[in-house]
Amino acid sequence: MDPSPIRLEGELTPPLSRWLWLVKWFLLIPHIFCLLFLWLGFVLATIVVFFVMLFTGSYPPVLFEYNLGVLRWTWRVSFYSYSALGTDRYPPFTLQPVPDYPARLEIDYPDWQRRGFPLIGWWIIGIPQYAIAGILAGGGFAWGWHYPTGGVVGILVFVVAMLLLFKDRYPESIFDVLMGFNRWAFRAGAFAAFLTPQYPPFRLDTGPREPTGGALPPPGSTPPTAA
């Protein structure tokens, strides 16, 4: 099994509050406000990246770090809230890696990328992945930013919420499956945003950690600076 250039981790951190999930949407208003602007920048940066890669085949490192940072921030908020309910620890306001936070995401900087019109065709063949990610993450899926709107993740998170409220427990088996679904969605999102040229596998990798990669690299591992 080849290691994925995208490593998404999440650690269930009990004890979890029985009722906090009821108000997490309110507590996250500052994050949602920030992410609205960050995702606007993400979309604009990705459009710029597309045209740069069309002619040069390279992903500007500064834009790579920004887009990766937006996905990191998004994953922490998603993990805290209604894509996993995996922790009650409030997510930090930063684009940088936070190694001690329960939700972490890293993507290897691509040493090569496609260029020219084949780049467009390569993006188009990702449509099956985007469709599956949309089913898993619900109608809110877009480039890795997703929130439960009737997708499989939303259904499972609702089950978890009811179990927390009435049973005060979170089955690890459900958490592992949720991690697999989130992992699939973020892989598809990263591919759609040209953050990796490696086509996402049609494989559900469940559990808190990647099946082949072990621990994430230290936060000092950054892409090369532009010449």
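Selection over the range 58-95 of residues that are under 24 Å from Leu44 (Cβ atoms) and in contact with a Pro (Cβ under 7 Å, 6 or more places away or on another chain) gives a count of 7. Contact map, the range 125-153: first residue at negative phi and among the small types (Gly, Ala, Ser), second residue at pLDDT 90 or above and not in a helix (DSSP H, G or I), Cβ cut-off under 9 Å, separation 6 or more or different chains; pairs are Gly126/Tyr199; Gly126/Pro200; Ala133/Pro200; Ala137/Ser83.
If you go through the range 180-192 and pick out every residue that is buried (at least 22 other Cβ atoms within 10 Å of the Cβ) and either touching a Leu at 6+ places or on another chain (Cβ under 8 Å) or basic (Lys, Arg) (or both), you end up with 9. With respect to being β-branched (Val, Ile, Thr), in a loop (DSSP other than H, G, I, E, B) and modelled with pLDDT under 90, Thr212 fits the description. Taking the criterion of being part of a loop (DSSP other than H, G, I, E, B), within 15 Å of the chain's Cα centre (by Cα) and β-branched (Val, Ile, Thr), the only residue of the range 95-142 that qualifies is Val98. For Ile155, the conditions (1) outside any loop (DSSP other than H, G, I, E, B); (2) under 20 Å from the mean Cα position of the chain (by Cα); (3) at pLDDT below 90; (4) surrounded by fewer than 20 Cβ atoms within 10 Å (Cβ to Cβ) are fulfilled apart from (3).
Annotation note: of Tyr80, Tyr59, the sole residue that is surrounded by 20 or more Cβ atoms within 10 Å (Cβ to Cβ) and under 30 Å from Trp19 (Cβ atoms) is Tyr80. Just one of (1) in contact (Cβ under 8 Å) with a residue 12 or more places away in the chain; (2) under 23 Å from Tyr109 (Cβ atoms) trips up Leu44, so point out which. Leu44 satisfies every listed condition except (1). Of the residues making up the range 63-90, those that are over 11 Å from the mean Cα position of the chain (by Cα) and either closer than 16 Å to Pro14 by Cα or of a type in the set (A, V, I, L, M, F, W, C) (or both) number 11.
The values are calculated or read from the model by the stated rules, or taken from the named source; none is laboratory data. Treat the numbers as computed from the prediction; the structure is a model and nothing was measured. Virtual Cβ from ideal backbone geometry, glycine too; neighbours counted across all protein chains shown.
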